[in-house]
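> Supplied in structure tokens, the structure appears directly below.
Where a number appears in this text, it was derived from the coordinates with a stated rule and is not lab data. All values derive from a computational prediction rather than experimental measurement. Neighbour counts run over all protein chains shown; Cβ positions are idealised from the backbone, glycine included.
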Amino acid sequence: MRTTFLISLLLLFSCTQLISQTTTKWRVLSDFIPEKYSILDSASGDLDRDGHKDLVVILKHYDEDDAEECARILLVLKGNGIKWYQLMAQNDSAVLCKGCGGIFGDPYEGITIKNNYFSIEHYGGSNWRWTRIITFKYDLKTKQFLLHRDAGVSFHTSDPDKEEEIINNKEDFDKLPLAKYNWHKGF
């Protein structure tokens, strides 16, 4: 009798959690991918320090090969540990487009996550090469992602040891929310 009661209680708790997740907009990853988009890259880490892995996902449009300047969508999804997610932040102008790398091609290099920071890394150019690493920090007090750093280097292929540091949007560091960031500014 006691075992049956405990199993019933456990089932009721599980159903209640599932209903609670559904009503607070917890969804599976595929629900966040719009029609005609697919995942270009993703990385996971505990960005909000709640003990559950969150996801940073970059989406690309199916027509990206034909229209190289299609926007790439950046999603930051809060995880709950059982493959359900909530949208924490979105930006359609934080990741450089496929055609934005010059002759060198697609500048997108990857995403890195460390603690409550994530970075989007780019590399492009032709004879003049450049890198650009855009880093956002999750502010535990305001519960939003803020631009932490937007910088890289530039160098000529004939003298790769002579690098020039490039800092973009310095006045916005630790102030500008991810939703309002645009990589075109300062580029």
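> Using the Karplus equation 6.51 cos²θ - 1.76 cosθ + 1.60 (θ = phi - 60°), what ³J(HN,Hα) coupling, rounded to whole Hz, does each residue of segment 111-119 give in order, writing x for Gly and Pro?
Per residue, the Karplus-derived 3J(HN,Hα) values read 10, 10, 10, 8, 6, 9, 10, 9, 10 Hz.
> Go through [x] 133; [y] 199; [z] 110 and flag the label whose value is the computed volume of the Cα convex hull per residue in Å³ for this structure.
For volume of the Cα convex hull per residue in Å³, the calculated option is [x].
> In whole Hz, what ³J(HN,Hα) sequence does segment 34-50 give by Karplus (6.51, -1.76, 1.60; θ = phi - 60°), x for Gly and Pro?
x, 4, 6, 10, 9, 7, 7, 6, 7, 8, 10, x, 8, 6, 9, 6, 9
> Using only the alpha-carbon atoms, how far is helix 2-23 inclined from the longest principal axis of the chain? Give it as 0 to 90 degrees, nearest 10.
Long axis of 2-23 versus the principal axis of the chain: about 40 degrees.
> Of K60/K162; K78/K175; K36/K98; K98/K175, which pairs sit farther than 23 Å apart, going by alpha carbon to alpha carbon?
Checking Cα-Cα distances, K60/K162; K98/K175 exceed 23 Å.
> Helix-only mean residue ellipticity at 222 nm, the chain, DSSP H runs n ≥ 4 weighted -39,500 (n - 2.57), per residue, nearest 500. What is it?
That comes out to -4000 deg cm²/dmol.
> Let me spell out the model: positive unit charges on the Cβ of Lys and Arg, negative unit charges on the Cβ of Asp and Glu, origin at the Cα centre of segment 2-180. What dipole size does that give, in debye rounded to 20?
It comes to approximately 1160 debye.
> Hey, another quick one. If r is the Cβ-Cβ distance from S42 to Q86 and R0 is 25 Å, what FRET efficiency results, to the nearest 0.05?
Plugging the Cβ-Cβ distance into 1/(1 + (r/R0)^6) gives 0.95.
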